[in-house]
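Just below is one structure, and these are the notes that go with it.
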Amino acid sequence: MTGGPTLRRVLVGIGILVGVWLVVPTLVVVPISFSGEDSFAFPPSSWGLEHYATFFTESSWLTSLLVSLQIALIVTVVATLLGTAAALALDRTSFRGRGALDGLFMAPLIIPGIVVAVALYAAFLGWGLIGTPLGFVVAHTVLALPFVVVNVAAALQNVDPVLGRAAAGLGASGWATFRQVTLPIIRPGVLAGALFAFVTSFDEVVVSLFVQSPQLQTLPVRMFTSVTNEVDPTIAAASTVVLVVSTALLGLVALTRRKSTP
Amino acid sequence: MTVTSPVAGAAAPAPPRAPDPPPGRRLARRVSLLLAVPALLVLLVFFVVPALRLLWLSVTTPEPGFGNYTALVADDVTTTIVLRTLLMAAVVTVVCVLVAYPYAYLMTIVSGRWRGVLLAVVLVPFWTSLMARTFAWVVLLQDNGVVNQVLGAVGLGPVRLLGTTAGVTLAMAQVMLPFVVLPVYTAMRGIDRRLVDAALSLGARPVTAFTRVYLPLSLPGVAAGATLVMVLSLGFYVTPSLVGSPQQSMLAQFISVQVNQLVDFGAAGALAVTLLVVTLLLLGGVRMLTRTRGATGSGIAGGLT
Amino acid sequence: MTDRAGATIRAEALTKRFPGASAPAVDAVDLHVAAGEFMTLLGPSGSGKTTTLNMIAGFEEVTSGRILLDDDDIARLPAHRRNLGMVFQSYALFPHMTAAQNVAFPLRQRKVGKAETARRVAEALELVHLGGHGDRLPSQLSGGQQQRVALARAVVFSPRALLLDEPLGALDKKLRESLQLEISRLHSELGITFVFVTHDQEEALALSDRIAVFRDGRIEQVGTPTELYETPASRFVATFLGDSNVFTGTVHGGLLDTGSAQLHCDGPDGPGCLVVRPERLRIGAAPADGANRLSATVSDVVYQGAFRRILVRFDDGSTGLVRDAGDAATTTRGDRVEVSWPAAAGVLVPETAAERVGAGVGSGSGVGVGAGVGVGA
């Protein structure tokens with residue numbers, strides 16, 4: 001099975017088809033968002049910026065965008081602080097139940113979104129958190145924590161423990177060692193975790209659909225209702241904006257990763 | 001170098017003959033463990049408690065007992081949906097494996113630069129927003145959408161895709177592909193090519209060399225990826241909701257209907273618990289197969305729901 | 001702000017017991033390092049030398065005992081307030097800081113002003129001949145350069161003692177030798193107290209004012225390199241530092257009875273080991289009065305340039321090592337020879353129960369070549 005020329009040609013053909021299948025569908029929203037018509041026709045017969053104008057002026061779209069950005073920012077800060085602290089606490093420790101604790105921190109990643117959503121919905125109904133900013137923030141924080149913990153823990157693995165001794169031997173207190181040695185070294189990991197936390201919150205649909213109320217919706221929820229209930233090409237503009245934001249941020253993650261592994 | 005130091009006296013002398021204070025560092029260690037408490041509290045209150053509450057609801061609402069669970073088995077609609085979900089997940093899994101295997105093999109035989117391109121392409125669905133991607137599929141699969149235009153141009157269309165199982169499969173498999181490509185590629189990269197050459201030199205025909213040597217060696221990767229896709233497909237909500245049709249709903253949609261329209265937390269809880277148990281069992285299997293803890297986490301770390 | 005550059009370090013009954021371990025890692029060690037002295041803690045791995053250093057540095061909690069820096073008990077002081085310089089085997093440079101930033105780190109902790117910091121960093125880098133390398137990251141420096149940055153960083157804040165934990169262990173032989181000279185020069189230039197941990201006996205002999213030989217959590221002997229080599233206090237010291245011929249037996253009236261021979265020695269009656277360095281043995285030379293002599297067969301001759309190592313088998317079956325500078329140039333394998341040495345060349349050391357077991361492994365009469373044979377030769 002050395003891969004004769006025919007086999008190779010077939011494989012390359014499959015590769016191209018798969019590439020088209022993976023990449024093109026996502027990009028199709030971009031031309032539609034610049035369409036001058038009020039439909040999803042592709043390719044558009046005329047061009048314009050009306051959909052963007054609607055997106056940035058009509059209150060239901062604009063509000064949901066702003067809500068999403070605010071919640072995502074708060075979630076980023078909260079999840080990054082909590083997750084980084086937890087990763088630091090658990091770094092190089094071993095005790096009974098350590099595995100269960102790791103499992104707990106990873107659980108929101110592994111458990112199907114719909115299960116988390118229904119569980120939170122039932123609880124939030126009783127606690128009066130449905131449709132509140134706090135409800136969104138805690139729900140998204142739970143989902144974002146694993147990303148921060150995983151990224152920071154991985155970064156901490158790269159910190160040579162002897163550096164802590166060296167810093168102490170040179171006169172640095174525990175806090176000074178953390179600020180001047182540990183934190184700078186793990187900064188790329190913390191940054192990656194923070195970006196993941198932002199994107200997780202900004203993109204989240206399933207749990208948000210259950211936590212939302214008509215008065216407080218995030219952008220993905222607004223998009224979901226748009227696809228189900230309306231034929232409104234504004235969603236193409238919304239999709240393009242979301243694509244640009246999340247792609248840019250995840251690109252940043254990739255950049256910080258490359259930097260952190262010289 | 002001078003020997004004057006502004007802090008020569010900084011090493012404050014400890015009081016002589018003081019009774020030994022308790023070792024301070026173990027205390028510091030304990031304090032640093034406290035740093036995990038806020039995150040743990042959030043997870044306990046907003047994740048563990050709600051999950052346990054749901055479990056509790058499933059055996060207490062509307063009346064105590066396992067009625068909700070026995071109803072799952074007895075109810076025709078439920079069994080139909082569960083079977084449909086399993087079938088759908090299986091179809092998506094098969095499609096993914098059939099596409100991912102040659103793709104991963106291609107990755108092993110191209111140059112490093114092209115391997116990077118192929119990897120980036122397969123990760124695109126990870127990167128892009130779920131809602132944007134799903135909306136794109138709705139547009140593409142509509143009756144006069146691009147896919148139908150292409151099919152029509154080659155004389156195959158038009159075909160109804162939006163609201164059909166075929167459409168959902170196409171959209172779901174796209175997102176799931178990386179979960180198979182990555183473990184299969186990893187398994188293939190670990191295969192010693194010389195084993196295949198050895199088989200050929202011993203007189204095996206290329207097809208035999210493949211089926212008897214290469215395929216078995218790459219199978220663990222396939223198994224790991226396939227199980228992962230199966231698991232994730234079972235819980236899919238957004239894609240089937242928007243690309244599929246309500247008449248062909250899957251388990252996650254059914255759970256959502258129980259909650260939002262029927263306000264039956266007992267039944268929803270029982271369904272969710274069942275889904276969770278199946279998920280964990282299958283994931284446990286994957287972990288036993290691959291023994292790589294990171295792969296699962298970082299895979300899902302792409303932001304799938 | 002003191003007229004003396006170096007501090008005295010005294011460990012008193014210093015003990016470290018790790019939880020769960022049956023024996024203490026460091027067992028009531030008493031050690032006195034004089035101001036400005038170069039003291040080496042030497043021993044095999046697991047002998048407690050590194051644990052002792054870590055307790056002095058503050059990286060390990062002291063189970064009991066005191067550590068006095070001059071007159072202050074620092075045993076309960078956190079590491080960052082002990083004001084001791086520390087150099088690690090793995091360099092422990094901060095990877096995200098340049099060489100200059102690394103060297104400035106201890107000054108930054110001590111809130112030294114900007115201009116003063118810049119001046120002292122430049123001085124310290126000059127001191128280790130890395131003047132032009134301040135803006136390099138550790139990853140851009142060779143192993144030897146990294147360790148020199150670490151040295152500069154450890155002395156820039158003028159500590160009164162420098163602790164070195166096998167600082168040359170990660171370097172190849174050639175670099176090791178050049179850095180030995182560097183460390184030796186630093187010691188004499190700075191005049192501060194050095195406590196140096198190593199398991200390399202040659203390094204210890206080359207660098208130290210005094211050496212403390214560790215074994216099983218205790219100090220076996222403290223002394224100058226010459227004292228340790230010429231008059232080892234135990235069989236362990238004799239065999240750990242350099243090569244030794246060890247004859248075990250019972251002393252009675254100035255004669256050691258090995259069971260097959262009577263050897264002249266100087267020491268009290270009772271069981272004992274007679275240690276004779278290989279270069280003190282002669283082959284074929286006319287023995288002086290009061291000399292010991294044993295007949296033997298040459299089993300191997302290894303030419304080493306300036307001298308030859310001659311392995312012999314004594315008539316009772318035990319083996320010995322002779323380092324010959326030219327007297328026995330014609331000796332070859334299989335020759336019957338007379339091995340002799342003046343009585344004053346041997347050192348009688350007490351034999352402990354544990355060592356008796358060890359000796360039994362070698363041969364019945366207890367004549368054997370010590371564990372040090374071949375180490376670093």
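Against the list (1) away from chain A (no Cβ under 12 Å); (2) under 30 Å from A:Tyr121 (Cα atoms), the condition B:Leu234 fails is (1). Based on this model, can you work out whether C:Ser90 counts as under 21 Å from the mean Cα position of the chain (by Cα), within 14 Å of chain A (Cβ to nearest Cβ), in contact (Cβ under 8 Å) with a residue 60 or more places away in the chain and surrounded by fewer than 21 Cβ atoms within 10 Å (Cβ to Cβ)? Criteria met by C:Ser90.
Taking the criterion of being within 14 Å of another protein chain (Cβ to nearest Cβ) and under 15 Å from the mean Cα position of the chain (by Cα), the residues of segment C:32-85 that qualify are C:Thr50, C:Leu53.
Out of curiosity, is A:Ala72 within 13 Å of chain B (Cβ to nearest Cβ), within 24 Å of A:Leu216 (Cα to Cα), touching a Gly at 6+ places or on another chain (Cβ under 9 Å) and open to solvent by less than 50 Å² (accessible area, probe 1.4 Å)? The answer is no for A:Ala72. Applying the condition of being farther than 17 Å from B:Pro50 by Cβ and under 14 Å from the mean Cα position of the chain (by Cα) to segment B:237-278 and asking which residue is nearest to the other protein chains (Cβ to nearest Cβ) yields B:Tyr237. Whether a residue is more than 10 Å from chain B (Cβ to nearest Cβ), open to solvent by 20 Å² or more (accessible area, probe 1.4 Å) and at pLDDT 90 or above was assessed, and A:Val190 passes this test.
Residues are listed down the side, and each one gets a yes or a no for (1) modelled with pLDDT of 90 or more; (2) within 23 Å of C:Pro232 (Cβ to Cβ); (3) not in a strand (DSSP E or B):
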site	(1), (2), (3)
C:Gly272	no, yes, no
C:Glu279	no, yes, yes
C:Ala286	no, no, yes
C:Asp289	no, no, yes
C:Ala306	no, no, yes
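Considering segment A:1-13, the residues that are open to solvent by less than 40 Å² (accessible area, probe 1.4 Å) and not in a helix (DSSP H, G or I) include one that is farthest from the other protein chains (Cβ to nearest Cβ), namely A:Gly4. Residues that are part of a loop (DSSP other than H, G, I, E, B) and either open to solvent by less than 10 Å² (accessible area, probe 1.4 Å) or under 20 Å from C:Ile183 (Cα atoms) (or both) within segment C:135-144 comprise C:Leu141, C:Ser142, listed in sequence order. Just one of (1) open to solvent by less than 60 Å² (accessible area, probe 1.4 Å); (2) within 18 Å of A:Ile14 (Cβ to Cβ) fails for B:Thr128. It is (2).
Go through the residues of segment C:6-17 one by one and say whether even a single one is open to solvent by 10 Å² or more (accessible area, probe 1.4 Å), free of Cβ contacts under 8 Å to residues at least 40 places away in the same chain and of a type in the set (Gly, Ala, Ser). Within segment C:6-17, none of the residues are open to solvent by 10 Å² or more (accessible area, probe 1.4 Å), free of Cβ contacts under 8 Å to residues at least 40 places away in the same chain and of a type in the set (Gly, Ala, Ser). Among the residues making up segment B:112-130, those that are within 12 Å of B:Val175 (Cα to Cα), free of Cβ contacts under 8 Å to residues at least 40 places away in the same chain and not aliphatic (A, V, I, L, M) are B:Thr128, B:Ser129. Of all residues in segment A:108-128, those satisfying the criterion of being open to solvent by 20 Å² or more (accessible area, probe 1.4 Å) and more than 7 Å from chain B (Cβ to nearest Cβ) are A:Leu125, A:Gly126, A:Trp127, A:Gly128.
Highlighted here are the strands (runs of 3 or more DSSP E) found entirely within segment C:150-257 that include at least 2 residues which are open to solvent by 30 Å² or more (accessible area, probe 1.4 Å), at pLDDT 90 or above and closer than 19 Å to C:Thr8 by Cα: C:218-223. Contact map, segment A:14-41: first residue at the interface with chain B (Cβ under 8 Å from one of its Cβ atoms) and farther than 17 Å from B:Thr134 by Cα, second residue among the hydroxyl-bearing types (Ser, Thr, Tyr) and not in a helix (DSSP H, G or I), Cβ cut-off under 7 Å, separation 6 or more or different chains; the map is empty. Entry remark, segment C:124-134: residues being within 13 Å of C:Ala100 (Cβ to Cβ) and assigned to a loop (DSSP other than H, G, I, E, B) number 3 in total. When restricted to residues that are closer than 18 Å to B:Val263 by Cβ, free of Cβ contacts under 8 Å to residues at least 60 places away in the same chain and part of a loop (DSSP other than H, G, I, E, B), segment B:52-66 contains 1. Working only within segment A:122-132, note down all residues that are in a helix (DSSP H, G or I) and either within 21 Å of the chain's Cα centre (by Cα) or among the aliphatic types (A, V, I, L, M) (or both). Within segment A:122-132, A:Ala122, A:Ala123, A:Leu125 qualify. For segment B:62-82, the criterion of being within 19 Å of the chain's Cα centre (by Cα) and among the hydroxyl-bearing types (Ser, Thr, Tyr) is satisfied by no residue at all. Here segment A:42-59 is the region considered, the condition is being free of Cβ contacts under 8 Å to residues at least 12 places away in the same chain and in a helix (DSSP H, G or I), and the residue that is least open to solvent (accessible area, probe 1.4 Å) is A:Ala53. Selection of segment A:227-240 for residues being facing chain B (nearest Cβ under 10 Å) and surrounded by 24 or more Cβ atoms within 10 Å (Cβ to Cβ) yields A:Pro233, A:Ile235, A:Ala236, A:Ala238, A:Ser239. When every residue of segment A:149-167 is checked against the conditions, at least one turns out to be closer than 13 Å to C:Phe94 by Cβ, buried (at least 23 other Cβ atoms within 10 Å of the Cβ) and without any contact (Cβ under 8 Å) to a residue 60 or more places away in the chain.
Going through (1) surrounded by fewer than 22 Cβ atoms within 10 Å (Cβ to Cβ); (2) under 17 Å from B:Tyr103 (Cβ atoms); (3) among the aliphatic types (A, V, I, L, M) one by one, B:Val122 falls short only on (1).
There is no residue in segment A:93-101 that is open to solvent by 40 Å² or more (accessible area, probe 1.4 Å), at pLDDT below 95, part of a helix (DSSP H, G or I) and touching a Leu at 6+ places or on another chain (Cβ under 7 Å). A single member of A:Phe196, A:Phe224, A:Phe202, A:Phe210 is modelled with pLDDT under 90 and either buried (at least 23 other Cβ atoms within 10 Å of the Cβ) or basic (Lys, Arg) (or both), and it is A:Phe196. Does C:Ile56 satisfy the criteria of being closer than 23 Å to A:Gly164 by Cβ, of a type outside the set (S, T, N, Q) and crowded, with 24+ Cβ neighbours inside 10 Å? In short, yes.
Selection of segment B:100-119 for residues being within 8 Å of chain A (Cβ to nearest Cβ) and open to solvent by 30 Å² or more (accessible area, probe 1.4 Å) yields only B:Ile109.
Considering A:Arg92, A:Arg98, the condition of being at positive phi and basic (Lys, Arg) is satisfied by A:Arg92 alone.
The values are calculated or read from the model by the stated rules, or taken from the named source; none is laboratory data. Treat the numbers as computed from the prediction; the structure is a model and nothing was measured. Note: ideal-geometry Cβ built from the backbone for every residue, glycine included; neighbour counts use all protein chains shown. Surface accessibility is based on the protein's heavy atoms, side chains included, excluding ligands, DNA and RNA. Shrake-Rupley method; radii C 1.70, N 1.55, O 1.52, S 1.80 Å.
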